[in-house]
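The values are calculated or read from the model by the stated rules, or taken from the named source; none is laboratory data. All values reported here derive from a predicted model rather than from experimental measurement. Cβ placement follows ideal geometry from the backbone for every residue including glycine, while neighbour counts extend to all protein chains displayed.
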Amino acid sequence: MKILRLILGDQLNSNHSWFKNVDEEVIYVMAEMRQETDNVKHHIQKVVGFFLAMRNFSESLKKKGHRVEYFKISDGKNPQNLQEIIQQLIQKHDLEKFEYQLPDEYRLDQQLKSISQQLSIPTEAYDSEHFYTSRDELGQFFKAKKQLLMESFYRMMRKKHNIMMVGDQPEGGKWNFDQSNRKKWDGEPKIPKELNFKKDVTELITEIEKAEVTTFGNIDPKNFNWPTTRKECQELLSFFCEKLVKHFGDYQDALHTEEKYLFHSRLSFAMNSKLLSPKEVIDTVLDHYYAHKGEINISQVEGFVRQILGWREYMRGVYWKKMPNYSKLNHLENHNPLPKFFWDGNTKMNCLKKAIGQSLDDAYAHHIQRLMVIGNFALLTQTNPDEVDAWYLGVYIDALEWVEITNTRGMSQYADGGLVATKPYVSSANYINKMGNYCKNCYYSHSKKIGKKACPLNALYWNFLHEKRPFFEENPRMGMMLRLLDKKDPEELNALSERAEKIIKNPDAF
Ligand code: FAD
């Protein structure tokens, strides 16, 4: 039977059972499409990263003898959307069946279902054979529960997959070493220079420009620094094991002006494109840990495993349990526009200048920059979550809706009313100052609340708690913050609120 098989840009799993045998009757299709580049405005590095990884993947399939039809963005005959591409190929090759792997994005899932219904030939959808969990496993696990506690999901996953377990107990006697994962980085231990992939992508950028795809952000055309083949991804994983994991947990939450990556792995693009599977990442890191047990503390490794086995799978499960409604949630009724400096990094607030500047330069920021610096400001300024989501989905090389929206709208913006995060992640300048050196050379003073050069975060923080209080009055995790709010002198609170209002209109006016 002559079959057409679709491989989406984030389905670059060379270990998928589809590829076990070479079959002359099977044609694979891969396509760079305006349908995908234009759904939000993307960072140029994200577009380059995905297209390059797709092209490499297609070449590797061809080398193995598979038949591949590949549509480049610049190809004049590229219809630029899935429906036409599939129909065109079915006619061209007289195909008898259409097959696809289940997409991870709701929009594409709907589109492929609709295309399948319209086709006159049979269709079949396959698992992508990437995740530990199926789409609805988290939903089954929590069934009717209102709160979807990540910690209970994570423990179930540890037991089910027998990861870091001694019998039915967690290795090291604890499930969670979070308390020891909160160190500030003060120059020691030394951070190894990141693994650089130094790729010349000049031609691809020209193609993208010629196709008139609108992008934003910066790129060094001769020095593209992301892994886009399976081999490069494996090298990055080895680099993480050998050089970084031993300090991963300790400095997971640290912030530093001169260190973009600290001890973070940079593996999210490798995994989200499916060049690497989460299982091989966890297995490789654990093999390394067990072989070097005297040198690596369990807290470093458990912290890493939790991010992938816990948070990553959890976010996928929440996405499929709650979409499509999730993308419309705005529990805190935030409606302000996204500040302009999100697009150019041009602000006197050093923490935001650095974190946003880095996002624009490298299409990367680590978790705490995304959550406690950038997301914190967006939430404190009561920004519309639609705008926040569009920015996050565009800017990061690893941003795919299933993991972006749950983190942004859920964890960071509390727009789901506390489904993912048990409290809003907000902070004043105090936290930023505690976790790094951003405040050191800042125009603003982190310890001042009012008056010239007082850090805007301080007024915004108290104003946020005051204005949004009715939304989390009953939340026990907010008790301490609200008690401190109650102790504030009404006049001071008034002045803070007035100042916050002005900052929201014009963030750098003071
Ligand atoms: P490391 O710190 O080395 O962590 C290892 C891996 O754990 C990551 O590669 C990632 O796969 C996984 N991981 C860690 N935290 C999370 C998390 N909260 N949710 C899911 N997986 C996690 N991650 C994305 O992959 N795509 C996104 O679009 C995305 N958007 C985010 C938006 C916000 C507002 C926040 C707060 C977090 C977001 N994250 C996202 C999660 C996390 O910030 C990134 O996965 C991480 O920064 C990627 O860098 P790394 O590979 O060096 O991660």
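If you check TYR289, TYR326, which single one turns out to be farther than 24 Å from ARG107 by Cβ and either part of a loop (DSSP other than H, G, I, E, B) or away from the ligand (no atom under 11 Å from the Cβ) (or both)? Let's see the steps before the verdict.
Details: TYR326 fails: farther than 24 Å from ARG107 by Cβ.
Result of the check over TYR289, TYR326: TYR289.
Conditions: (1) more than 9 Å from the ligand (Cβ to nearest atom); (2) within 18 Å of ILE503 (Cβ to Cβ). LYS423 meets all but one. Number of the miss?
In the conditions (1) more than 9 Å from the ligand (Cβ to nearest atom); (2) within 18 Å of ILE503 (Cβ to Cβ), LYS423 misses (2) alone.
Quick one: HIS367 ticks every box in (1) within 12 Å of the ligand (Cβ to nearest atom); (2) buried (at least 22 other Cβ atoms within 10 Å of the Cβ) except a single one, so which number is it?
HIS367 satisfies all of (1) within 12 Å of the ligand (Cβ to nearest atom); (2) buried (at least 22 other Cβ atoms within 10 Å of the Cβ) except (2).
Yes or no: LEU352 crowded, with 24+ Cβ neighbours inside 10 Å and within 15 Å of the ligand (Cβ to nearest atom)? Working first, answer last.
Numbers: crowded, with 24+ Cβ neighbours inside 10 Å: yes; within 15 Å of the ligand (Cβ to nearest atom): yes.
When the stated conditions are applied, LEU352 passes them.
With on the phi > 0 side of the Ramachandran plot and free of Cβ contacts under 8 Å to residues at least 60 places away in the same chain as the only criterion, which of LYS453, LYS449 stands out?
On the way: LYS449 fails: on the phi > 0 side of the Ramachandran plot.
Answer to the selection: LYS453.
Could you run through segment 390-407 and say how many residues are more than 6 Å from the ligand (Cβ to nearest atom) and either of a type in the set (Gly, Ala, Ser) or in the same structural domain as LYS46 (by TED's automatic domain parsing) (or both)?
2
I'm trying to understand the selection: among the residues of segment 292-315, which are hydrophobic (A, V, I, L, M, F, W, C), in a helix (DSSP H, G or I) and either under 19 Å from PRO170 (Cβ atoms) or more than 9 Å from the ligand (Cβ to nearest atom) (or both)?
ILE298, VAL301, PHE304, VAL305, ILE308, LEU309, TRP311
Determine which single condition TRP175 fails, assuming it passes every other condition in (1) of a type outside the set (S, T, N, Q); (2) in the same structural domain as VAL318 (by TED's automatic domain parsing); (3) loosely packed, with under 15 Cβ neighbours inside 10 Å.
TRP175 satisfies all of (1) of a type outside the set (S, T, N, Q); (2) in the same structural domain as VAL318 (by TED's automatic domain parsing); (3) loosely packed, with under 15 Cβ neighbours inside 10 Å except (3).
Could you count how many residues in segment 36-80 are among the basic types (Lys, Arg) and outside any loop (DSSP other than H, G, I, E, B)? Please lay out each step first, then the result.
From segment 36-80, those among the basic types (Lys, Arg) are 41, 46, 55, 62-64, 67, 72, 77; that's our starting set.
Remaining after also requiring outside any loop (DSSP other than H, G, I, E, B): 46, 55, 62-63, 67.
So the answer is 5.
If we keep just the residues of segment 239-279 that are of a type in the set (Asp, Glu) and either free of Cβ contacts under 8 Å to residues at least 12 places away in the same chain or within 13 Å of the ligand (Cβ to nearest atom) (or both), which is farthest from CYS442 (Cα to Cα)?
Filtering segment 239-279 for residues of a type in the set (Asp, Glu) gives 242, 250, 253, 258-259.
Adding the requirement that they be either free of Cβ contacts under 8 Å to residues at least 12 places away in the same chain or within 13 Å of the ligand (Cβ to nearest atom) (or both) leaves 250, 253, 258-259.
Values: ASP250: 26, ASP253: 20, GLU258: 14, GLU259: 17 Å.
Selected residue: ASP250.
Looking at (1) within 13 Å of the ligand (Cβ to nearest atom); (2) of a type outside the set (Val, Ile, Thr); (3) out of contact with any Ser or Thr (no Cβ under 8 Å at 6 or more places or on another chain); (4) in a helix (DSSP H, G or I), which one does TYR431 not meet, given that it meets all the others?
(1)
Restricting to segment 97-148, name every residue that is among the aliphatic types (A, V, I, L, M) and free of Cβ contacts under 8 Å to residues at least 24 places away in the same chain. Outline the logic, then answer.
Step one: of segment 97-148, the residues among the aliphatic types (A, V, I, L, M) are 102, 108, 112, 115, 119, 121, 125, 138, 144, 148.
Of everything in segment 97-148, just one residue is among the aliphatic types (A, V, I, L, M) and free of Cβ contacts under 8 Å to residues at least 24 places away in the same chain, namely ALA144.
Which condition does ASP508 not pass, out of (1) part of a loop (DSSP other than H, G, I, E, B); (2) out of contact with any helix residue (DSSP H, G or I) (no Cβ under 9 Å at 6 or more places or on another chain), if it passes all the others?
Unmet for ASP508, out of (1) part of a loop (DSSP other than H, G, I, E, B); (2) out of contact with any helix residue (DSSP H, G or I) (no Cβ under 9 Å at 6 or more places or on another chain): (2).
Name the residue, out of TYR461, TYR444, that is touching a helix residue (DSSP H, G or I) at 6+ places or on another chain (Cβ under 9 Å), surrounded by fewer than 24 Cβ atoms within 10 Å (Cβ to Cβ) and at pLDDT 95 or above.
Working: TYR461 fails: surrounded by fewer than 24 Cβ atoms within 10 Å (Cβ to Cβ).
Result of the check over TYR461, TYR444: TYR444.
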